[in-house]
Structure formats: C-alpha cells, structure tokens
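Down below is the structure, laid out as structure tokens.
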C-alpha cells in the first residue's frame with residue numbers, strides 16, 4: 001500500500017471517529033441518565049422524579065432541555081437562584097401558570113434540575 005492510501009485511510013478513520021463522538025454528544029442526556037440503571041450505574045430515583053415532574057409540567061412550553069418552545073423562555077439562559085425558580089414555579093409569572101400543588105421536596109428538586117440546564 002502506498003503512502004497516499006495510508007494517509008487517506010487514516011483521515012477516513014479519523015473522520016468516522018469524530019462523527020461517532022459528535023453523535024454521542026448530541027444524544028439526549030436525560031435519556032442516557034434514565035437508562036443508566038440497566039447499564040449498571042448508580043440509580044438516582046430523586047433526579048428521575050424531578051425529570052418526570054419536568055416532563056409532565058414544563059416540557060410542553062420550555063422544551064425537553066430548557067431550550068424554550070413557541071416563544072417561551074429558554075431555561076438554559078435564565079440566571080436565577082433555586083429559590084427564585086421555586087417562587088416562579090409556585091406562583092407563576094407573566095403567562096406562566098402557577099403550580100401550587102408541587103410541594104417540597106419535589107419543588108426543590110425540580111428547581112435544581114431547571115437550574116442545572
């Protein structure tokens with residue numbers, strides 16, 4: 001095999017590996033977390049509860065990853081404390097409805113998850 005062929009295959013393999021890494025980075029981190037138990041990693045039921053609560057109450061307007069949907073705020077960009085987030089969840093703000101039924105400790109877990117975005 002000549003030198004050009006070796007270089008070509010090395011570049012081709014490098015590109016393939018880069019695409020694989022890029023694809024892995026783009027996958028849903030929450031999906032990977034939820035399925036981590038079956039992969040033998042430690043299970044975090046409290047975080048799973050917060051994720052389920054977010055999916056049930058927040059996902060439609062704010063998106064799966066806090067990216068914002070249909071003109072609603074992008075949670076990834078907010079610079080609020082956990083307590084401020086809890087107040088907004090509990091009381092609502094602007095067009096966002098209040099969620100007074102979400103009580104502690106679920107309220108804190110949900111606010112921490114949103115802060116994590």
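The values are calculated or read from the model by the stated rules, or taken from the named source; none is laboratory data. On a predicted model such as this, the values are computed, not experimentally measured, just so you know. Every residue, glycine among them, receives a Cβ derived from its backbone with ideal geometry; neighbour counts consider all protein chains shown.
Looking only at the range 94-111, decide whether some residue is in contact with a helix residue (DSSP H, G or I) (Cβ under 9 Å, 6 or more places away or on another chain), assigned to a loop (DSSP other than H, G, I, E, B), without any contact (Cβ under 8 Å) to a residue 60 or more places away in the chain and surrounded by 13 or more Cβ atoms within 10 Å (Cβ to Cβ).
The answer is yes; a qualifying residue exists.
Please report, ordered by residue number, the helices (runs of 4 or more DSSP H) entirely within the range 4-70 with at least 1 residues that are at pLDDT 80 or above and within 15 Å of the chain's Cα centre (by Cα).
45-57, 59-62
Exactly one of these conditions fails for residue 86: (1) surrounded by 13 or more Cβ atoms within 10 Å (Cβ to Cβ); (2) part of a loop (DSSP other than H, G, I, E, B). Give me its number.
Unmet condition: (2).
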